[in-house]
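Remarks on the structure that follows.
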Amino acid sequence: MKFEKYLIILSTKAGTFDQKFIDEIKSQFESEGMASKLEIFTITRANQVEEVARDFANKYGKNGIVYVTGGDGTNSEGARGVAGTECALGLIPMGTANDFYKVLNYSKEEILKNITNPTV
């Protein structure tokens, strides 16, 4: 499913933050002619993920998707931000333990392959 707008919320403090992977995401959007649909936000303070995700979800609803990069706490904030809206949520594992991702068993490579056209 293609979206009108894609937001990636970066937690650069995440245990396994990977700037190269973020550059690959940007490149993927550019190669598909979708760079203008991509918005990247780097968090600068505690509890900001929920606020940014909520603002985006309220603005774009079912026409938007929020990708959260970080660990379990950051992902939880993102989920709270889009809860009750029609906005989609994608999670990119970059935390130290990444317990959530271990349960779902998917990789960054799979995310990158489908980032502009995720299965919802």
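Descriptive notes on the structure:
- Restricting the stretch 81-107 to residues that are touching a helix residue (DSSP H, G or I) at 6+ places or on another chain (Cβ under 6 Å) and closer than 11 Å to Ala57 by Cα, the residue that is modelled with the lowest pLDDT is Leu89.
- The residues of the stretch 21-45 that are in a helix (DSSP H, G or I) and within 14 Å of Val66 (Cβ to Cβ), listed by number, are Ile25, Lys37.
- Criterion (free of Cβ contacts under 8 Å to residues at least 60 places away in the same chain, closer than 13 Å to Thr116 by Cβ and either of a type outside the set (Phe, Trp, Tyr) or surrounded by 14 or more Cβ atoms within 10 Å (Cβ to Cβ) (or both)) met by exactly one of Gly90, Gly61, Gly84, Gly73: Gly90
- Top-ranked residue of the stretch 38-58 - restricted to ones that are open to solvent by 70 Å² or more (accessible area, probe 1.4 Å) and over 11 Å from the mean Cα position of the chain (by Cα), ranked as nearest to Asp23 (Cα to Cα): Thr44
- Counting the residues of the stretch 1-20 that are open to solvent by less than 50 Å² (accessible area, probe 1.4 Å), at pLDDT 85 or above and either outside any strand (DSSP E or B) or farther than 24 Å from Asn47 by Cβ (or both) gives 1.
- Single unsatisfied condition, Glu30 versus (1) without any contact (Cβ under 8 Å) to a residue 60 or more places away in the chain; (2) open to solvent by 50 Å² or more (accessible area, probe 1.4 Å); (3) in contact with a strand residue (DSSP E or B) (Cβ under 8 Å, 6 or more places away or on another chain): (3)
The values are calculated or read from the model by the stated rules, or taken from the named source; none is laboratory data. Note that the structure is predicted; figures quoted are calculated from it, not measured. Using ideal geometry, Cβ is built from the backbone for each residue, glycine included, and neighbour counts are taken over all protein chains shown. These accessible areas exclude ligands, DNA and RNA; they are computed on the full protein's heavy atoms, side chains included. Shrake-Rupley method; radii C 1.70, N 1.55, O 1.52, S 1.80 Å.
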